[in-house]
Amino acid sequence: MSVVDIGSLSVSFKRGLSHFIALQVEQIQIAPGECFGLIGGSGSGKSTLLRVLAGLHRDWQGAVQLFGQSLTAQRAFSGTLRRDVQMVFQDPYASLHPLHRIRRSLREPRQINGLPFDEASLVASLEQVGLPGEVLERFPHQLSGGQRQRIAIVRALQLQPKLLLLDEPTSALDMTVQAEILNLLQRLRRDTGMTMILVSHDINTVAHLCDRALLIKRGCIEQRLDRAELSARAEGG
Ligand code: ADP
Ligand code: MG
């Protein structure tokens, strides 16, 4: 069974008095354990696609299944879907409350879901991404951009999701930190077997991590790239 099975999906937004179609795609199937890339320029619809899959954008039309379960437009995720799909945003400030200590932000997902949490496993999950336990005491602004993104990743992992959606997780970071985060994601994938969708405007980033990718242009699938094509395009570009 596919983790993601999009028969068709379209999203439109109001623009002035009319609507414009921000996304119109079909036939996207992603298998368990796959790392799937979405490549495209700014405004091509990448985030919109992820937001539908995360249940954050509900005004869509089409046929979309996650883990064999059909999604219903206009309806919030419920039950295990809410835990099984987690998203990491380009700007980690978006997922970390600026006035909350890191401990609180990391406890919250399990707390909200009525799951037990303990300090020792929090410290262990920080160590897994190369951060010392003492960051729990800090506020987001007391961390570097790369550390904040690690925290955002740790936060997304607290519910042990089966599908991790990564929306340009490295594009706000400088080059060396980008490589560190990509290596971290690579390691996570190897260790957990989690399915991932990685969005990036940079084909090299996607080629580094993904098995397959879609090139999206103005909301439509421009090209489907397999592993070999990804490598070729990355080297050439
Ligand atoms: P990308 O992530 O590839 O940069 P987005 O998915 O964010 O692109 O946006 C795709 C298009 O949809 C853009 O033209 C954007 O302006 C538009 N769009 C996205 N979200 C909204 C919204 N909530 N309201 C109106 N237009 C939107
Ligand atoms: Mg985007």
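The values are calculated or read from the model by the stated rules, or taken from the named source; none is laboratory data. Note that this is a predicted model, so its numbers are computed, not measured. Glycine gets a Cβ as well: all are built from the backbone with ideal geometry, and neighbour counts include every protein chain shown. Each accessible area value is taken on the protein alone, full model and side chains, heavy atoms only, with ligands, DNA and RNA left out. Shrake-Rupley method; radii C 1.70, N 1.55, O 1.52, S 1.80 Å.
List of remarks:
- When the strands (runs of 3 or more DSSP E) confined to the stretch 1-90 are screened for residues that are surrounded by fewer than 19 Cβ atoms within 10 Å (Cβ to Cβ), those reaching at least 3 such residues are found at 4-15, 18-30, 61-66.
- From the list Leu182, Leu164, the one residue that fits, being touching a His at 6+ places or on another chain (Cβ under 6 Å), closer than 27 Å to Arg101 by Cα and of a type outside the set (Phe, Trp, Tyr), is Leu182.
- Selection status of Pro161, open to solvent by less than 20 Å² (accessible area, probe 1.4 Å), modelled with pLDDT of 95 or more and either within 16 Å of ligand 2 (Cβ to nearest atom) or closer than 14 Å to Val88 by Cα (or both): yes
- Annotation note: of Ala172, Ala179, the sole residue that is hydrophobic (A, V, I, L, M, F, W, C), free of Cβ contacts under 8 Å to residues at least 12 places away in the same chain and out of contact with any Ser or Thr (no Cβ under 7 Å at 6 or more places or on another chain) is Ala179.
- Filtered residues of the stretch 120-137 (kept if open to solvent by less than 70 Å² (accessible area, probe 1.4 Å) and not polar (S, T, N, Q)): Leu122, Val123, Ala124, Leu126, Val129, Gly130, Leu131, Pro132, Gly133, Val135, Leu136
- Within the stretch 121-160, the set of residues being in a helix (DSSP H, G or I) and small (Gly, Ala, Ser) comprises Ser121, Ala124, Ser125, Gly133, Gly145, Gly146, Ala152, Ala156.
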